[in-house]
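The values are calculated or read from the model by the stated rules, or taken from the named source; none is laboratory data. What you are looking at is a predicted structure, and each value in this text was computed from that prediction instead of being measured. So basically every Cβ, Gly included, is an ideal-geometry build from the backbone, and we count neighbours across all protein chains shown.
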Amino acid sequence: MMILEYRLWKDDESYVPLYHYEDIQLEQILARRECEFFVKDGVTYKQLSSSVEGSIVAIYVEQYEKELLISKKTDKNTDLRLEIRELNPYKKNPLLEEKYLSSHMEVLLYIGSVYTYLNQLEWERDSAELDEDQLCYILYVTPTGYKWEGDFN
């Protein structure tokens, strides 16, 4: 088991510890590190970099935007929720598909892929986010215009 620490980067070339997770599995650390964005307590952070310091993995972030926190989701489901959303702020990033996955390795399979296929249409990865307030990972994609013409197994 390792330790994960989110660190808030300051303008004066320093950082302050923000969130600390002990006894976290490597697979979860890797899934979190694959996400360009992290949401917690109504604040969205953008990942700047990361490092491995012995048994500590540090993810350096800066505040990206702050929103009013309406409510945190409390889900008893043990599966990991992944939302695949079209990156389109004019349409409020519409949900294309929701998946329930059994491991962080499965999450990594999706958020680490450049292309995703939904209903035989190809979508290109833009970014990924871990939203701790809503208890889900989010993969943002844009359409490529390509349609898969064969059987899709």
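Only one of these is at pLDDT below 95 and assigned to a strand (DSSP E or B): Glu83, Glu97, Glu65. Name it.
Sole residue among the options that is at pLDDT below 95 and assigned to a strand (DSSP E or B): Glu65.
Those residues that are closer than 20 Å to Gln47 by Cβ and free of Cβ contacts under 8 Å to residues at least 24 places away in the same chain, I need them from the stretch 124-152; list them, please.
Result: Glu124, Arg125.
Is it the case that some residue within the stretch 64-72 is crowded, with 17+ Cβ neighbours inside 10 Å and touching a strand residue (DSSP E or B) at 6+ places or on another chain (Cβ under 7 Å)?
We begin by selecting, within the stretch 64-72, every residue crowded, with 17+ Cβ neighbours inside 10 Å; these are none.
The answer is no, given that none of the residues of the stretch 64-72 is crowded, with 17+ Cβ neighbours inside 10 Å and touching a strand residue (DSSP E or B) at 6+ places or on another chain (Cβ under 7 Å).
If Lys46 passes every condition in (1) more than 14 Å from the chain's Cα centre (by Cα); (2) at pLDDT 95 or above but one, which one does it miss?
(1)
How many residues does the stretch 100-130 contain that are part of a loop (DSSP other than H, G, I, E, B) and under 26 Å from Ile59 (Cα atoms)?
Qualifying residue count for the region: 5.
For the stretch 88-115, which residues satisfy the criterion of being surrounded by 11 or more Cβ atoms within 10 Å (Cβ to Cβ), over 11 Å from Leu139 (Cβ atoms) and of a type in the set (Phe, Trp, Tyr)?
Correct list: Tyr100, Tyr115.
Just to be sure, is Asp151 surrounded by 15 or more Cβ atoms within 10 Å (Cβ to Cβ) and not in a strand (DSSP E or B)?
In short, no.
If you take just the strands (runs of 3 or more DSSP E) that sit entirely in the stretch 7-57, which of them hold at least 1 residues that are free of Cβ contacts under 8 Å to residues at least 60 places away in the same chain? Before the answer, list the steps.
Values: elements: 15-24, 37-40, 43-53.
It comes to 15-24, 43-53.
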